[in-house]
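Trainee: Below are the structure tokens for one structure; questions will follow.
Please treat every number below as a calculation from the coordinates, not as lab data. Note that the coordinates shown come from a computational prediction; the quantities given were computed from them, not determined experimentally. All Cβ positions, even for glycine, are placed from backbone atoms using ideal geometry, and neighbour counts span all protein chains on display.
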Amino acid sequence: MPRALISVSDKRGIVAFAQGLIQLGWEIVSTGGTATALRSAGLPVMAVDAVTGFPELLDGRVKTLHPAVHGALLARREMPAHMAAIAERGIVPIDLVAVNLYPFQMTISRPGVSFADAVENIDIGGPSMLRSAAKNHESVLPVVDPTDYPGVLDLLRRGALTPETRREFAAKVFAHTADYDAAIASFLTPKEEGLPRMLGLAMERMQVLRYGENPSQRAALYVTQEPRGMRDLTQRQGKELSFNNILDIDAAMAAVACWSQRPACSVIKHTTPCGIAVAGSALEAFRKARATDPVSAFGSVIAFNTVVDRGTAQAMSDLFVEVVVAPSFHDDALAVLGAKKQLRVVELPVSRGARALDFKRVRGGFLVQDQFEFDPSDAAWTVPTDRQPTEPEWGDLRFAWGAVAAVRSNAIVLARGEMAIGIGAGQMSRVDSSFLAVHKARQQGHDPAGSVLASDGFFPFADGVEQAGEAGVTAIIQPGGSVRDAEIIEAANRRGMAMVMTGRRQFRH
């Protein structure tokens, strides 16, 4: 009778998988919480300590690190000496290992996680079993990804486990454990010592794409184990996602992640917002975001930080959209969106507070930085102008500061009523971005008079402030820190404008 060892932290699909193995005549060995879950489902399970003859130690820290487990995994079936050695010690071969690891990446992504909690979630036995099984993959099938369970059962039923397939599963294990170890190394590197001296990046190809940015370029989506990332993307309907769609989806969800308590909507073209707003409902947030620049919204990617309901779906029905993305959709909303068969509808969790690294490709290497994380705290903000912002201005300034973080530098956002009314992005000078934001506002019928302005970086000269003042902008929020800050403040004072300096830059190159 073939034997499988199952020990998982992520228990998605594990009962059905174990049940399928049992129906195929397999014996199940399991550990701790996994064994409990399987027994609760009425499945026969042998405890791992019955295999090792040794009880779990140290609150479960030591349970599978034993010759009875690793001998059963590493014995080469084609070598009589190996098989005789384990038989002499009463060790039964293990033919399949289904293991996924303690959720280290998920643990460290939680705000305020303690060092002790993070370290306790470093898995030792799991990687050891996976690596032993992967090394001996010609005889032992290592399964690390819950999404592979149905496929594995199908292969076993058909007797279709070829050497090539086994090698693919082994490669997946080593990529997974390499990524896991890299996350641990990064976490343990003290901040004052900078980023890790050696950096490994393991990724799994999730989807082959038709082409890249242009038809002449090959492309695919590769994913890491990063929680709440592209690995968790689910396409509910529509055409195949393209390279550019995925870039825009990522930018769109990042743009709405700044707000956790209120519905937000972003309308994205070429990875930067042409509309963004918050409101009391997803429907109102969409209407306001679309109103920023209705012309540019054609062919856009639209993202929400909350569930999409039927009313919101109906409000989008008259607009040509490439992708709608949100954490979830009501069934009746999907029914409305389903009328457009080509429309891509994607579910993707909102990622907030993830402690991760950001990579930018350069020739012969990568630039690596901490992933940008929007900081809503206003504790360090100052108001150096003669006039303080009014309460309505404060509301719009806080919104604009979140919105401008999603715009490509040099970024300028004009806002009123917690919606963007004009956006200037990607210009070579900040005064040009200011001009463009005012121009775009007027072009779409928005009066800049009475609006507020947010800048992702400081104003190097007073000309950008002067231009905003001439357009009727009443308040500005910006990092400050220019050698000409005194001139900038004086320009605002001459116009009777309030100015907030955050002390924090938000560039997106």
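Trainee: Can you list, largest first and rounded to whole Å, the semi-axes you get for region 155-271 by taking the square root of 5 times each eigenvalue of its Cα gyration tensor?
Mentor: Whole-Å semi-axes of the equivalent ellipsoid: 29, 25, 15.
Trainee: Pairing the Cα long axis of helix 14-23 with the longest principal axis of the chain, what angle in degrees results, from 0 to 90 and rounded to the nearest 10?
Mentor: 30
Trainee: What is the diffusion coefficient of region 217-315 in µm²/s, taking the Kirkwood radius over Cα pairs and the Stokes-Einstein relation at 37 °C with a viscosity of 0.692 mPa s?
Mentor: After rounding, the answer is 232 µm²/s.
Trainee: What does the charge add up to near Ile302, with Lys and Arg as +1, Asp and Glu as -1, over the other residues with Cβ less than 15 Å from its Cβ?
Mentor: Residues near Ile302 contribute -1 overall.
Trainee: How far apart, in nanometres, would the label points at Leu367 and Leu247 be if each is projected 7 angstrom from Cα along the Cα-to-Cβ direction?
Mentor: 1.6
Trainee: Let me ask you something else. Restricting attention to region 420-509, which chymotrypsin sites (Phe, Trp or Tyr not before Pro) occupy a DSSP loop and are surrounded by at most 13 other Cβ atoms within 10 Å?
Mentor: Those that pass, being in a loop and sparsely packed, are Phe507.
Trainee: Would you mind computing, in nm to one decimal, how far apart the modelled labels at Ile124 and Asp375 are, each placed 7 Å from Cα along Cα→Cβ?
Mentor: Result for the modelled spin labels: 3.7 nm.
Trainee: What relative contact order, as a whole-number percentage, does the chain give when Cα pairs under 8 Å and 6 or more residues apart are counted?
Mentor: 9
Trainee: Here's something else I'd like to know. Please report the antiparallel percentage of DSSP beta bridges with both residues in the chain, rounded to the nearest 5.
Mentor: Percentage antiparallel, nearest 5: 55.
Trainee: Using only the alpha-carbon atoms, how far is helix 243-256 inclined from the longest principal axis of the chain? Give it as 0 to 90 degrees, nearest 10.
Mentor: 70
Trainee: Charges at C-beta only: +1 for Lys and Arg, -1 for Asp and Glu. How large is the resulting dipole of the chain about its Cα centre, in Debye rounded to 20?
Mentor: 1040
Trainee: Please report Rg (one decimal) and Dmax (integer) in Å for the Cα set of the chain.
Mentor: For the chain, the Cα-based Rg and Dmax read 27.6, 92 Å.
Trainee: How do the peptides 361-371, 88-98 rank, highest first, by the average count of neighbouring beta carbon atoms within 10 Å per residue?
Mentor: 88-98, 361-371
Trainee: Also: Which of the peptides 403-412, 269-278, 175-184 is most tightly packed, and how do the rest follow, going by the mean number of other Cβ atoms within 10 Å of each residue?
Mentor: Ranking the peptides 403-412, 269-278, 175-184 by packing returns 403-412, 269-278, 175-184.
Trainee: Hey, another quick one. Against the longest alpha carbon principal axis of the chain, how many degrees, from 0 to 90 and to the nearest 10, is the axis of helix 391-404 turned?
Mentor: Tilt of helix 391-404: around 50 degrees.
Trainee: Determine the sum of side-chain charges near Pro448: Lys and Arg each +1, Asp and Glu each -1, restricted to other residues whose C-beta is under 15 angstrom from that of Pro448.
Mentor: Once all neighbours under 15 Å are counted, the net charge is -2.
Trainee: Still on this model: For region 230-307 and region 451-509, what is the centre-to-centre distance using only Cα atoms, to the nearest Å?
Mentor: 28
Trainee: May I ask you to list the lysines whose Cα is less than 25 Å away from that of Lys269, ignoring any residue fewer than eight positions away on the same chain?
Mentor: Qualifying lysines at Cα under 25 Å: Lys239, Lys288, Lys340, Lys341, Lys360, Lys440.
Trainee: Right, next: Quick one: putting +1 on the C-beta of Lys and Arg, -1 on the C-beta of Asp and Glu, what dipole do you get for region 367-417 around its Cα centre, in Debye to the nearest 20?
Mentor: For region 367-417, the charge dipole is close to 220 debye.
Trainee: May I ask you to order 33-42, 211-220 by the average number of other C-beta atoms within 10 Å around their residues, highest value first?
Mentor: Ranked from most to least packed, the peptides come out as 33-42, 211-220.
Trainee: Turning to a different aspect of this structure: Which value at 222 nm does the chain reach when only helices count, each DSSP H run of 4 or more adding -39,500 (n - 2.57), with the total divided by all residues and rounded to the nearest 500 deg cm²/dmol?
Mentor: Mean residue ellipticity at 222 nm (helix-derived): -10500 deg cm²/dmol.
Trainee: While we're here: Mind giving me the FRET efficiency for Thr147 and Ser328? R0 is 22 Å, r the Cβ-Cβ distance, nearest 0.05 is fine.
Mentor: The pair Thr147/Ser328 has a calculated efficiency of 0.70.
Trainee: Going Cα to Cα from Lys135, which aspartates and glutamates come in below 15 Å? Please leave out same-chain ones fewer than 8 positions away.
Mentor: Counting by Cα, and skipping residues close in sequence, Lys135 has these aspartates and glutamates nearby: Glu78, Asp95, Glu164, Glu168.
Trainee: Using +1 at the Cβ of each Lys and Arg and -1 at the Cβ of each Asp and Glu in the chain, identify which of Leu414, Val69, Leu357 lies farthest towards the dipole's positive end.
Mentor: The one lying farthest along the dipole's positive direction is Val69.
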